[in-house]
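What follows is a short report on a single structure.
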Amino acid sequence: MSLTENLENMLAAGNDSAMLRFGLGSAYFSNKQYQQAIPHLQKCIDMDDSHSAAYKLLGKAQMKLGLSEQANTTLAVGLEKSIQNGDKQTEREIQVFLKKL
């Protein structure tokens, strides 16, 4: 059973959380399944709007699908969140992605 299947089974069993949603989004992203990653990353942010890594990965998934305007908005908010959290690594990475847009 794949990581994605394991995480989907946990979700189906009612174990929903921001970390589970981030894990699912990340697993789908790693498998280049960007469309499937987006709703899980968005749900992660809905559950924990300070999760700067979720904004970064959501923005990257949106970029991969050519959703430049959405990615720009997502990454801009993610940059603010990473600064608020003192998450310097995510802050630097998001700045690079914003320049690419």
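The values are calculated or read from the model by the stated rules, or taken from the named source; none is laboratory data. Note that the coordinates shown come from a computational prediction; the quantities given were computed from them, not determined experimentally. Please note: Cβ atoms are built from the backbone with ideal geometry, for glycine as well, and neighbour counts cover all protein chains shown.
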Legend entry - Test result for residue 69, part of a helix (DSSP H, G or I) and surrounded by 14 or more Cβ atoms within 10 Å (Cβ to Cβ): no
Legend entry - Residues within region 25-66 that are in a loop (DSSP other than H, G, I, E, B), surrounded by 17 or more Cβ atoms within 10 Å (Cβ to Cβ) and either among the hydrophobic types (A, V, I, L, M, F, W, C) or touching a Pro at 6+ places or on another chain (Cβ under 6 Å) (or both), tallied: 0
Inset, instruction - Check 33, 89, 62 and return the single one that is at pLDDT 95 or above, touching a helix residue (DSSP H, G or I) at 6+ places or on another chain (Cβ under 7 Å) and not hydroxyl-bearing (Ser, Thr, Tyr). - result: 62
Inset, instruction - Can you give me the number of residues within region 1-17 that are among the hydroxyl-bearing types (Ser, Thr, Tyr) and either under 14 Å from residue 40 (Cα atoms) or part of a helix (DSSP H, G or I) (or both)? - result: 2
Inset, instruction - Sort through 21, 92 and tell me the only one that's part of a helix (DSSP H, G or I) and surrounded by 13 or more Cβ atoms within 10 Å (Cβ to Cβ). - result: 21
